2 protein chains.
Amino acid sequence: MAKQAGLGRDGAQVVHKVLSLLKEVSASRGRGTKLTALAEAAGLPVPTAYRLLAALLAERAVERDEATRGFRLGPLLWEFGLAAAPDVDIRRFCAPALDRIAAATGDSAYVNCRSGDDALCLDRREGSYPIQAKPIAIGNRRPLGVGATSLAVLASMPSNEVDAVVDANAARYRRHGLTAERVRSAVEATRARGFAVSTGRIVARFRGVALAIGNGVGGVPVALSVIAIEERLDLARIETTVALLRREEQALRALLASEPEIQQKGSMP
Amino acid sequence: MAKQAGLGRDGAQVVHKVLSLLKEVSASRGRGTKLTALAEAAGLPVPTAYRLLAALLAERAVERDEATRGFRLGPLLWEFGLAAAPDVDIRRFCAPALDRIAAATGDSAYVNCRSGDDALCLDRREGSYPIQAKPIAIGNRRPLGVGATSLAVLASMPSNEVDAVVDANAARYRRHGLTAERVRSAVEATRARGFAVSTGRIVARFRGVALAIGNGVGGVPVALSVIAIEERLDLARIETTVALLRREEQALRALLASEPEIQQKGSMP
DNA sequence: CGTCAGTTTCCACATCGTGGAAGAAATGCG
DNA sequence: CGCATTTCTTCCACGATGTGGAAACTGACG
């Protein structure tokens, strides 16, 4: 009753439900996400989510941690991933820069890219500093605008797309203690400032700074970031870190400009 | 009308249809598979396949090659793959062996594993010989029993599972010029012989020999293979190649026995 | 042993997907 | 070229299939 759109939608809404669920399953790292949480996050009634997840479970598209009863993505999706090598390998393209950033700062460094209405963690390097921020693992996703890296990605997109995405995500922001309004002004602030910092307390006690790579890599919005505990990322350190990020960003941008078409068909080695 | 099962199946059959389609999309390499072919292979009416694929297209789960009108897996699935790191990294485990095999023979070497009723190409090395067999790319799948590598995987499985799989695949074998009968006797022959050779002409002018790794890696049936043009793989050469494969297989088996739990959580580096 | 959050089953209802058929496009062939 | 053939896309009446509220169940915790 009262789906979301009342207009002549094109068929196969189940596909959308299933993929929403899978996106939520891949949203967080660790021992998996509980049924109830997934259902709520995907905007589905619990029994519906249950039925779909049960079907996905039978096909090995998701797994269930017997201890915590949490769902994670299953081997079938990993297998599909093998066959679905991306046309532009953003990950490989950014890897050297990531290495240098993590080495220079000693903190965790991340690359995120846009994936629909989400930011996706493409890669990560752990620095040498004893207290590491690992709130996000490779493959995790969160709504565009939630968290420093994600916000940097969002802010680098054309304004009309930003509007569309923020509207689409409006409901999801609540779960992160945000609103569409706050995200919109955070985008403004990011653009004015030239880089992004964490919006609110996404993960307590951690702070991040992030910088988008020009207007994307191969048409896909991308951002680099450094995340560390609050105490460590004080104003002075933010300044140095941003300078470092900007240097790497410019280097990557130069590379983009020189190479006619960034390396194609990267497969996953 | 007359689905396949008439019994009180558990819900969400759409999930099965969607995943069948995706499996077929990932079955073959190259510029993508045509709608009609996918529909037939997945056992769905064309309009149904069309609707589902259109929905998947809108969500970036599949892409369409504008030139050939063929479907391939899309970036969303690659992204899911990032988050769905397998518990046992068979690929990494077999990599050194693959390297050695390809180097020693000069031909293409493959690792396949079981994935449901399919064999999945996990990894591949190209040898130095000028004429290379590349019928199969990483991530491609075919029904268990079709092709040397796939047959070796199948034959290494317990007999009751073999029966179940062959029954389930019966309809699909036709599309490869095989029957359940022929596959069953090929399994017998493989077990008697100790290794598998290509069943019929899967890919014209090529021949393969394959050997399963004991009874699997971390519970998953796996096989190694070498594929070359027919002329090259004559009887004498088959003997040498099998000996080489067997040596590698024994080495891997020894490794498995020594390591308590083969490397966990391999992610995809 | 009672409470509660999370999970699973149930089932009457109607929505949503279904697939045959027919209309468009694209492709092949004479 | 223009007709024939294949492939793709849209349409739509039908009813099977998925839906989701409610209720039973499980087991963790106090």
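The values are calculated or read from the model by the stated rules, or taken from the named source; none is laboratory data. Only a predicted model underlies this, so the values are computations on that prediction, with no experimental measurement involved. Cβ placement follows ideal geometry from the backbone for every residue including glycine, while neighbour counts extend to all protein chains displayed. For accessibility, only protein heavy atoms count, side chains too; no ligands or nucleic acids. Shrake-Rupley method; radii C 1.70, N 1.55, O 1.52, S 1.80 Å.
Per-residue 3J(HN,Hα) values for the stretch A:179-195, derived from phi via the Karplus relation 6.51 cos²θ - 1.76 cosθ + 1.60 with θ = phi - 60°, read 9, 4, 4, 4, 5, 4, 6, 5, 4, 4, 4, 4, 5, 5, 6, x, 8 Hz in sequence order (x marks Gly and Pro). Rounded to the nearest 20, the Cβ-based charge dipole of the stretch B:90-258 about its Cα centre (Lys and Arg +1, Asp and Glu -1) stands at 260 debye. To the nearest ten degrees, helix A:90-105 and the longest principal axis of the Cα atoms of chain A are 50 degrees apart. For the rotational copy relationship between A and B, the axis lies nearest to a chain A beta carbon, identified with its distance in whole angstrom as A:G81, 1.
Each helix, a run of at least 4 DSSP H residues, gives -39500 (n - 2.57); summed and divided by the residues of the protein assembly as shown, these come to -14500 deg cm²/dmol at 222 nm. Separation of the stretch A:135-198 from the stretch A:29-46 is 22 Å, based on Cα centroids. Under 18 Å from a label point set 7 Å out along the Cα-to-Cβ vector of A:Y129, the amide N atoms of the stretch A:208-238 belong to A:208-211, A:224-238.
Output the residues of the stretch B:49-64 meeting this criterion: accessible area (heavy atoms, 1.4 Å probe) in the chain alone minus accessible area with all protein chains in place is 10 Å² or greater. Residues losing area: B:R51, B:L52, B:A55, B:L56, B:E59, B:R60, B:E63. Amide H contacts of A:L144: A:D118, A:A119, each under 5 Å away and 5 or more positions distant or on a separate chain (H built 1.01 Å from N in the peptide plane; Pro and chain starts excluded). Chain B against chain A buries an accessible area of about 3800 Å², both chains summed, 1.4 Å probe radius.
Could you work out the local net charge near B:A155, counting Lys and Arg as +1, Asp and Glu as -1, over the other residues with Cβ closer than 13 Å to its Cβ? Write down the numbers at each step before the final one.
Working: positive: B:R114, B:R184, B:R191, B:R193; negative: B:E161, B:D163, B:E188.
Residues near B:A155 contribute +1 overall.
Taken one residue at a time, the phi angles of the stretch B:239-244 give Karplus couplings (6.51, -1.76, 1.60, θ = phi - 60°) of 4, 4, 5, 4, 4, 4 Hz. Gly and Pro are set to x.
Taking A:S159, A:S108, A:S258 in turn, the Gaussian network model of chain A (Cα-Cα springs below 10 Å) assigns the largest fluctuation to A:S258. If R0 is 56 Å, the Cβ-Cβ spacing of B:A103 and A:R175 corresponds to a FRET efficiency of close to 0.60.
In the assembly of identical copies, B:G194 has its label point, taken 7 Å from Cα in the direction of the beta carbon, separated from the corresponding points by 7.1 nm (ascending, one decimal).
I'd like the carbon and sulfur percentage of the solvent accessible area for the stretch B:25-77, probe radius 1.4 Å, heavy atoms only, ligands and nucleic acids excluded. Carbon plus sulfur share of accessible area: 55 percent.
Taking a point 7 Å from the Cα of A:A137 along the Cα-to-Cβ direction, none of the residues of the stretch A:219-234 has its backbone N closer than 16 Å to it. A Förster radius of 56 Å combined with the Cβ-Cβ distance from B:S258 to A:R51 puts the calculated FRET efficiency at roughly 0.80. Taking a ≥ b ≥ c as the square roots of the Cα gyration tensor eigenvalues, with a/c under 1.5 meaning rounded and otherwise prolate when a/b beats b/c, else oblate, which class fits the stretch A:112-179? Prolate, since a/c reaches 1.5 and a/b exceeds b/c.
Looking at the protein assembly as shown, the accessible area is 45 square angstrom per residue; that uses a 1.4 Å probe and ignores ligands, DNA and RNA.
Couplings 3J(HN,Hα) for the stretch A:140-152, derived from phi with the Karplus relation 6.51 cos²θ - 1.76 cosθ + 1.60 (θ = phi - 60°), are 5, 9, 9, x, 4, x, 9, x, 4, 4, 4, 5, 4 Hz, where x marks Gly and Pro.
For chain A, take the longest principal axis of its alpha carbons; what is the angle in degrees between that and the long axis of helix A:13-25, to the nearest 10 within 0 to 90? Helix A:13-25 sits roughly 50 degrees off the main axis of chain A.
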